[in-house]
1. Out of all the residues in segment B:191-230, which are under 30 Å from B:Glu258 (Cβ atoms), buried (at least 23 other Cβ atoms within 10 Å of the Cβ) and touching a Gly at 6+ places or on another chain (Cβ under 6 Å)?
2. Give the residue, chosen from A:Asp268, A:Asp228, A:Asp235, that is surrounded by fewer than 16 Cβ atoms within 10 Å (Cβ to Cβ), farther than 24 Å from A:Leu467 by Cα, in the same structural domain as A:Asp466 (by TED's automatic domain parsing) and more than 22 Å from the chain's Cα centre (by Cα).
3. Do the conditions hold for A:Leu4, that is, is it out of contact with any Pro (no Cβ under 6 Å at 6 or more places or on another chain) and crowded, with 22+ Cβ neighbours inside 10 Å?
4. Any residue that is among the β-branched types (Val, Ile, Thr), out of contact with any strand residue (DSSP E or B) (no Cβ under 6 Å at 6 or more places or on another chain) and more than 29 Å from A:Ala289 (Cβ to Cβ) - is there at least one of those in segment A:458-477?
5. Can you tell me which condition A:Thr173 does not meet? The list is (1) of a type outside the set (Gly, Ala, Ser); (2) within 15 Å of A:Met94 (Cβ to Cβ); (3) crowded, with 20+ Cβ neighbours inside 10 Å, and all the others hold.
6. Quick check: is even one residue across segment B:298-308 touching a helix residue (DSSP H, G or I) at 6+ places or on another chain (Cβ under 6 Å), closer than 30 Å to B:Ser67 by Cβ and away from chain A (no Cβ under 14 Å)?
7. How about segment A:320-340: which of its residues are under 25 Å from A:Cys453 (Cα atoms), hydrophobic (A, V, I, L, M, F, W, C) and out of contact with any Pro (no Cβ under 8 Å at 6 or more places or on another chain)?
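The values are calculated or read from the model by the stated rules, or taken from the named source; none is laboratory data. What you see is a predicted model, and the numbers here were worked out from it, not measured in a lab. When we count neighbours, we look across all protein chains shown, and the Cβ atoms used for this are built from the backbone with ideal geometry, even at glycine.
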Amino acid sequence: MSLLSINGLSLSISGTPILHDVSLSLAPGEVVAVTGESGSGKSMTALAVMQLLPARSEATGAITLNGHEMLELDETTLCTLRGDLAGMVFQEPMTALNPVQTIGAQVSETVRLHRPDLNPTTRAREVLDRVGLDTIALTRYPHELSGGQRQRVVIATAIACGPKLLIADEPTTALDVTTQAQILTLLKRLAAEDGMGLLMITHDLAVVAEMADRIVVMRHGEVVEAGDTPALLADPQHPYTQALLAASNHRVNLPAGAEQAPLLRVQDVVRDYTLPRTQLFVPAGTHRAVDQVNFDIKRGERIGLVGESGCGKSTLTRAILGLEPVQGGSITLDGTPVTDPSVRRKMQVVFQDPYGSFNPRHRVARLITEPFHLLDSPPRDHDDRIASALTDVGLSPDDAQKYPHQFSGGQRQRLAIARALIIRPELVIFDEAVSALDVSVRAQILDLIADLCRQYDLTYLFISHDLSVVRTITDRVMVMQKGKIVEQGVTEAVFANPQHSYTRQLIDAAPTLPGAA
Amino acid sequence: MLRYTLKRLLSLFISLAIASLLIFAVIEVAPGDPASFMLGINAQEDTLAALRAELGLDQPKWQRYLSWVGGMVQGDFGTSYQYRTPVSEMIADRLWVSLPLALYALTLSTIIAFPAGIYAASRRGKAGDVGVMGATQVGIAIPNFWFAMMLVLIFAINLRWFSAGGFAGWDKGVFAAMKSLTLPAIALALPQAAILARVMRSSLLDVLDEDFMRTARAKGLSRGAALRRHGLRNAMIPVLTILGLQFSFLLAGGIIIEQVFYLPGLGRLIFQSISARDLIVVESVTMLLVFAVIVVNFVVDLAYAAVDPRLRART
């Protein structure tokens, strides 16, 4: 007898169809993963189970949770079920907790709502201990905790009343790999200990490969394939599942780079941040974000920089771009310090969020020609340059008159690359440039970068927290931890035979799909 | 929290010092000699000089600034050029009208605005929301002197519930005094309530979209309970800011309403003093208002910290 069964669920919001005839089931103690790319309707399926759908949603079909017909219940009854029979964990631990309430108050609130027989404070302490926060006092506020700790608080809130079903919507997407591994282990342990059904929503197949009993693949609001995890991963039937798996394991064909003289030299770079003064007459302390970093990038070399959040890779990137003062050492490009304005035209950057880095009121032609102001005089063949830059990144010259909102996320990242390459910089910096993209789009962008390497002998620094991406798109890799570069070397060698314990830890924590290299 | 309070207190004193210097400097450069104004244009030069000496106008500027500030600290605001009475007494009399009026209006405005804003936010896009927002639009658009006159027409002249103007005085009893302040307070409160309700609504709507509201709902809280328990406190920061600004405005800005209702308030005092070149009164009342604004801001800063633990940590 299944705990949750969804039968022929269709959903539309304000008349727009979102889900079409979705069916899936989950037995007590079972872990089922719903996966798919953005817009596939996986999160809406989860919200439909909780009946927390946005306004003006219309759902038909049936959702049966432990004998309750969720679509037919009134709001009052639903309120008694949410949090008690089913708990939910969300993607963003940073914002999923109320910032002005203590974690104790937030965890015990669930207990107070559903279990008047229990002492809320005692129960809150118990569940926080269970999720591994035994050293954290109930009186702490969310902003005093790390992202991983906050996600544990959210999990504690969800399991406080011992629900039969736990829904986790992208629970680790916003976390570092090592934290991700810990949270996944915790979720799996809790489900096993309590015999809870666990419905995992994720875009990352690798995350669920190791923990889900069954996988449901969704696309455009429909279930395209469902099956036991090993069978589905080993022998996917639907072409979309096959494509998704291929994209997740995507390897680009990177041409051999022509290594020459050093282009960028980073020598003994130190960046200290002044901490807020804690006492009036004691000098303010400093935090060393980048600590004695040394490396060279040779012309034609593709180099990766990996590390977890807070390791200093963003600070180092900004320092290389000349946007951050350094307290020691030097960064030079072709022998000129990067703080010199003449160096700017030789370096361009592609950021993670393409939409955020474009002025929404400018047309593409203006956006991608922005770097022209770095040149002494704008090129005469202005329009030809725009057309060829757009063609290079797989867009059409006609797109020049459009606005950024008219493009998809992947196309916007293509525009960002076009903008970076239009003045033929000597060094390109990709700062988490593919992290926000769906796997299939990510694969296309990685192919594009490889193509551009072939065409223009690019030299780039590729910063990412995603090891599998760095592995395929770089010749050399540097691993950064707490402001220091703890290991660097030829990418394949580092991945195959990591020397530093931290590198090993990162590689072990990264989820992999069976069959990946 | 203590460090936060001390820091805010320090900034309060610095603001006061800068403000007092500015006010003194501006009044100094303003044209018009109080002595010649008091004695009329036919005054003899030696009489003028004698009066200037008596008023202390012949002393060096820095000395006058220091004695002005020193006096204020001890509650001595000097003597009015025009009426020859201590300024502190004049201010005290007026303050007993303006301060209760401001508090009264602020209370009314809060009582109207909070439920209206919360109601509108909880019914976003529905008829109730549109209705409340339409009403606030009207509330902002109506000139308050016109609204004040309408109030007088209806409640004083037709219904005869209230007197049309004047202040009964506190010696007639709290009820009588408050009654004579009621119509002015309503006239002052209405546009403030309209603004506050809009701020409350939009601030709540921002909070409603936050992830933690979804978490609250997933715990099993109803929409209304989630709004009250998790939404309100998070929505308070912008509302507190506006409340602080409104109090400062109500304290000094009621001059038109004071005129309409013949109330002897601070606004009228400052207006009359400016017309009469009674600079010492202008100076003192301005300083007092600045003091009130800065103190209110200080209180609002403390309220922020009480509401949001993140501010307590960021000392």
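1. Within segment B:191-230, B:Ala194, B:Ala197, B:Met200 meet the criteria.
2. Details: A:Asp228 fails: in the same structural domain as A:Asp466 (by TED's automatic domain parsing); A:Asp235 fails: in the same structural domain as A:Asp466 (by TED's automatic domain parsing).
Checking each option against the conditions leaves just A:Asp268.
3. Against the criterion (out of contact with any Pro (no Cβ under 6 Å at 6 or more places or on another chain) and crowded, with 22+ Cβ neighbours inside 10 Å), A:Leu4 qualifies.
4. No, segment A:458-477 has no match at all.
5. Result: A:Thr173 fails condition (3) only.
6. Of all residues in segment B:298-308, those touching a helix residue (DSSP H, G or I) at 6+ places or on another chain (Cβ under 6 Å) come to B:298, B:300-301, B:303-305, B:307.
From the residues that got through so far, the ones that are closer than 30 Å to B:Ser67 by Cβ too are B:298.
From what is left, the residues that are away from chain A (no Cβ under 14 Å) are B:298.
Within segment B:298-308 (the criterion being touching a helix residue (DSSP H, G or I) at 6+ places or on another chain (Cβ under 6 Å), closer than 30 Å to B:Ser67 by Cβ and away from chain A (no Cβ under 14 Å)), the answer is yes, since at least one residue qualifies.
7. Here is the first cut: in segment A:320-340, the ones under 25 Å from A:Cys453 (Cα atoms) are A:320-322, A:331-336, A:338.
Filter once more, keeping what is hydrophobic (A, V, I, L, M, F, W, C): A:320-321, A:331, A:333, A:338.
Answer for segment A:320-340, where residues must be under 25 Å from A:Cys453 (Cα atoms), hydrophobic (A, V, I, L, M, F, W, C) and out of contact with any Pro (no Cβ under 8 Å at 6 or more places or on another chain): A:Ile320, A:Leu321, A:Leu333, A:Val338.
Let's see how each residue does on (1) touching a helix residue (DSSP H, G or I) at 6+ places or on another chain (Cβ under 9 Å); (2) surrounded by 20 or more Cβ atoms within 10 Å (Cβ to Cβ); (3) in the same structural domain as A:Leu390 (by TED's automatic domain parsing):
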position	(1), (2), (3)
A:Glu301	no, yes, yes
A:Ser309	yes, no, yes
A:Gly312	no, yes, yes
A:Leu316	no, yes, yes
A:Leu323	yes, no, yes
A:Gly335	no, no, yes
A:Asp340	no, no, yes
A:Asn359	yes, no, yes
A:Arg363	yes, no, yes
